[in-house]
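This report concerns only the one structure given below.
We did not get these values from a lab; they are worked out from the coordinates using the rules stated. Bear in mind the structure is a predicted one, so any value in this text is a computation, not a measurement. Cβ sites come from the backbone with ideal geometry, for glycine too, and all protein chains shown count toward neighbours.
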Amino acid sequence: MKRVITVAAAQLGPIQKAEGRDVVVARLVRLLEQAHHRGAQVVVFPELALTTFFPRWYVEDLDEADAWFEPSLPSPATQPVFDAIRRLGLTCYLGYGEIAHEADETGVVRKRRFNTAVVIAPSGEIVLKYRKVHLPGHKEFSTVRKVQHLEKRYFEVGNLGFPVVRAPVGGVDVNLGTLICNDRRWPEAWRELGLQQVELVMLGYNTPAVNQENRGFEANHLRNFHSQLSIQAGCYQNATFGVGVAKAGNEDGFELMGHSIIVNPQGEIMAMATSCADELVVADCDLAMCELGRTTIFNFAQHRRLEAYARIATQTGSTEPPVWQPAR
Ligand code: CDT
């Protein structure tokens, strides 16, 4: 039997700081309806899809920021999204700010905050939860930056690893995995998913369209190139389809990049958004393509060499190499 699924990247235009949850939820429901109308079985929304990209705003006391988080899913405010998913029979990736009252590594139960994405099944059940591992930015207010990026203040590092789950999508069992935004730039994250035979990596992002650090590393015109380079390489090297979905456009004066894409296991872009607004792009994904990569050049069991990779899981920062000494 052919294993083909139809996937939609549901890009969101900007969400202003003052915009209410009800307005955003209505936009999400409309995109779900459009996706269903266009034959999609999977819909992928951006990172932190229910709010503005709030880590650009500093608050002294984190409790003041609770309105940007969900204490549970579904919550009364997000129930219409779950209702639409059930009504339309969709599988959906949703990124949001999560508040969890749970034990930390010392065993103490406390209020914790994560940058989270869930995959919701057509029944409305959550089949996979992932908490962002690679948190960019800084923890304290920066006096040198033009724009704050306070993810390290708002969120704890995700503690659920990189889960992959096999779940039915429109009658086909598919190996589903997730990343969130900055994770896409880290090959280790993709390989964690690849080692679990992932077939569809869903990832949402909020990426500023201009370099706000001003240290010359990344010219503005390279921003989108680096995003696509990372997603295309991740898909190719792990023999998986990928859907990278932006929150795009101008949020309260700050530009976010668009260019949401659907990528195949050869690393080719199959479909791409062309606006910075709410926009759907749809593609049919033949999962046999994953099998091809997994059984040939990226047959991990046959070709990976663990004995040569010790540094990868034991060393964080890079170190200087020994200096070559010419023979006397
Ligand atoms: N949200 C998020 O993780 N954004 C970061 C911005 C880094 S600036 C290049 C990203 O990796 O897209």
Checklist line | Under 13 Å from residue 247, Cα to Cα: aspartates and glutamates that are on another chain or at least 8 residues apart | finding: 47, 255, 278, 279
Next item on the list: Give the residue from 158, 181, 240 lying farthest towards the positive end of the charge dipole for the range 158-261; charges sit on Cβ (+1 for Lys and Arg, -1 for Asp and Glu) and the dipole is referred to the Cα centre.
Entry: 240
Next item on the list: Work out how much length residue 220 to residue 4 would gain on full extension: take 0.36 nm times their residue separation and subtract the Cα-Cα distance, in nm to one decimal.
Entry: 74.1 nm
Notebook entry, point to check: Given Cα pairs under 8 Å that are at least 6 residues apart, what percent is the relative contact order of the chain?
Noted result: 20
Check: Under 5 Å between amide H atoms, partner at least 5 residues away or on a different chain: which partners does residue 169 have, H built in plane at 1.01 Å?
Finding: 174
Margin query: At R0 = 30 Å, how high is the FRET efficiency between residue 233 and residue 172 if r is their beta carbon distance? Nearest 0.05 is fine.
Written below: 0.70
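Normalised by the number of residues in the range 170-240, what is the relative contact order in percent for Cα pairs under 8 Å and 6+ residues apart?
Details: 71 pairs, mean separation 28.0, N = 71.
For the range 170-240, the relative contact order is 39 percent.
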Check: When only alpha-carbon atoms count, how far does the chain stretch along each of its three principal axes, as whole angstroms with the largest first?
Finding: 75, 58, 46
Check: Quick one: what does P(r) look like for the range 1-60 with 10 Å bins over all Cα pairs, in whole %?
Finding: 20, 42, 23, 10, 3, 0
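How much net charge surrounds residue 25 when only other residues with a Cβ under 14 Å from its Cβ are counted (Lys, Arg +1; Asp, Glu -1)? Display every interim value, and only then the final one.
Details: positive: 21, 27, 30; negative: 19, 22, 33, 70, 83, 278.
Result for the neighbourhood of residue 25: -3.
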Margin query: Quick check for me: using +1 on Lys/Arg Cβ and -1 on Asp/Glu Cβ, what's the dipole size of the chain about its Cα centre, in debye to the nearest 20?
Written below: 660
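Counting other Cβ atoms within 10 Å of each Cβ, which GluC sites (Glu not before Pro) in the range 135-199 have at most 12 and sit in a DSSP loop? Numbers along the way, then the final one.
On the way: sites: 140, 151, 156, 188, 192, 199; in loops: 140, 156, 199.
Passing sites in the range 135-199 are 140.
Report, in deg cm²/dmol and to the nearest 500, the calculated mean residue ellipticity at 222 nm for the chain, where each DSSP H run with n ≥ 4 adds -39500 (n - 2.57) and the sum is divided by the residue count.
Working: 8 runs with 72 residues, N = 328.
Value at 222 nm, helices only, nearest 500: -6000 deg cm²/dmol.
By average Cβ neighbour count within 10 Å, what is the ranking of 109-117, 15-23, 74-82, 56-64 from highest down? Mind dumping the intermediate values first?
Details: 109-117: 19.7, 15-23: 13.4, 74-82: 16.4, 56-64: 11.9.
Highest to lowest by the protection proxy: 109-117, 74-82, 15-23, 56-64.
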Checklist line | Extension gain from residue 291 to residue 211, taking 0.36 nm per residue of separation minus the Cα-Cα distance | finding: 25.0 nm
